[in-house]
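Novice: Okay, handing you the structure first.
What follows is calculated from the coordinates using simple rules that are stated; it is not laboratory data. The structure displayed is predicted, hence computed values, not measured ones. Don't worry about glycine lacking a Cβ; one is built from the backbone with ideal geometry, like all the others, and counts go over all protein chains shown.
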Amino acid sequence: MSPALGVGVLASRSGTNLQVLLDAPDVDVVAVASDKPDAAALERARAAGVETRVFAREDFADRSERDAAMARWLEDRGVGLVVLAGYTQLVSPAFLARFPQRVINVHPALLPAFPGLDGIGPAIEYGAKVTGVTVHFVDEGVDTGPIILQRALEVGDAADRDALHDKLRPLEHELLPEAVRLIAAGRVAFDPANPRRVVIA
């Protein structure tokens with residue numbers, strides 16, 4: 001990982017995807033932020049010696065103010081790529097403009113199917129036979145950004161949300177660091193004929 005592309009991670013939950021990035025020897029996580037002061041992801045970051053900060057919604061007048069402060073904090077720590085890893089807040093267009101084509105998200109479904117905060121429960125309710133994991137660029141929509149990597153698996157006998165998430169988690173842990181490495185190596189580009197199509201060199 002080039003020092004010029006330090007990784008900043010936004011996480012609201014337990015931080016298992018963050019841990020995979022922290023454990024990867026070729027991924028340089030330089031900052032971790034959360035909207036929740038009790039997020040286990042923060043403890044994982046501190047244990048790894050990574051600087052952390054909480055940007056709780058109630059501490060700011062609105063999302064724009066919060067995101068502006070968060071963007072400044074990340075930039076000051078040399079972040080060149082922002083990874084949303086279980087981050088439960090939407091980021092503002094102004095935040096995305098500070099990191100153009102440098103904000104990615106991991107989602108537990110095969111987008112464009114089952115976007116939104118819960119990609120697992122709706123797949124079960126719909127009776128999907130196949131689902132998977134998507135890593136995509138973040139745009140101003142909800143899970144509508146260009147897709148970087150995807151991998152599918154059969155739902156099989158995973159009849160509830162926890163069981164299916166257990167099956168999906170290894171794919172998340174595989175695809176997310178792979179996407180970070182590809183971006184850091186300059187191997188991710190966009191098809192000039194179709195700006196939604198990501199090309200891996």
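Novice: Within segment 61-138, which trypsin sites (Lys or Arg not before Pro) sit in a loop by DSSP and count at most 16 neighbouring Cβ atoms inside 10 Å?
Specialist: When the trypsin sites (Lys or Arg not before Pro) of segment 61-138 are filtered for loop state and at most 16 Cβ neighbours within 10 Å, 77, 129 remain.
Novice: Report, for the chain, the % of DSSP beta bridges that are antiparallel, rounded to 5. Mind showing how you got there, number by number?
Specialist: Values: 15 of 31 bridges.
Around 50 percent of the beta bridges assigned by DSSP in the chain are antiparallel ones.
Novice: Quick one: which residues, 5 or more positions from residue 29 or on another chain, have an amide H under 5 Å from its amide H? H modelled 1.01 Å from N in the peptide plane, none for Pro or chain starts.
Specialist: 7
Novice: So if we plug the beta-carbon distance of residue 61 and residue 185 into 1/(1 + (r/R0)^6) with R0 = 30 Å, what FRET efficiency do we get, rounded to 0.05?
Specialist: Once rounded, the FRET efficiency stands at 0.15.
Novice: Right, another one. Enumerate the calculated ³J(HN,Hα) couplings along segment 37-50 in order (Karplus 6.51 cos²θ - 1.76 cosθ + 1.60, θ = phi - 60°), each rounded to whole Hz, writing x wherever the residue is Gly or Pro.
Specialist: x, 9, 5, 4, 4, 5, 5, 4, 5, 4, 5, 8, x, 9
Novice: How high is the relative contact order of the chain, in percent, counting Cα pairs under 8 Å that sit 6 or more residues apart?
Specialist: Relative contact order, the chain: 18 percent.
Novice: Using only Cα atoms, find the angle between the long axis of helix 161-184 and the longest principal axis of the chain, and express it within 0 to 90 degrees, rounded to the nearest 10.
Specialist: So the helix axis and the longest Cα principal axis differ by about 50 degrees.
Novice: Hey, another quick one. Tabulate in residue order the Karplus-calculated ³J(HN,Hα) for segment 18-31, using 6.51 cos²θ - 1.76 cosθ + 1.60 with θ = phi - 60°, rounded to whole Hz; enter x for Gly and Pro.
Specialist: Each residue of segment 18-31 in turn: 4, 4, 4, 5, 4, 7, 6, x, 9, 10, 9, 7, 10, 7 Hz.
Novice: Okay, moving on. Looking at segment 131-201, which GluC sites (Glu not before Pro) are DSSP coil and have at most 13 other C-beta atoms within 10 Å of their C-beta?
Specialist: Listed in order of number, the matching sites are 140.
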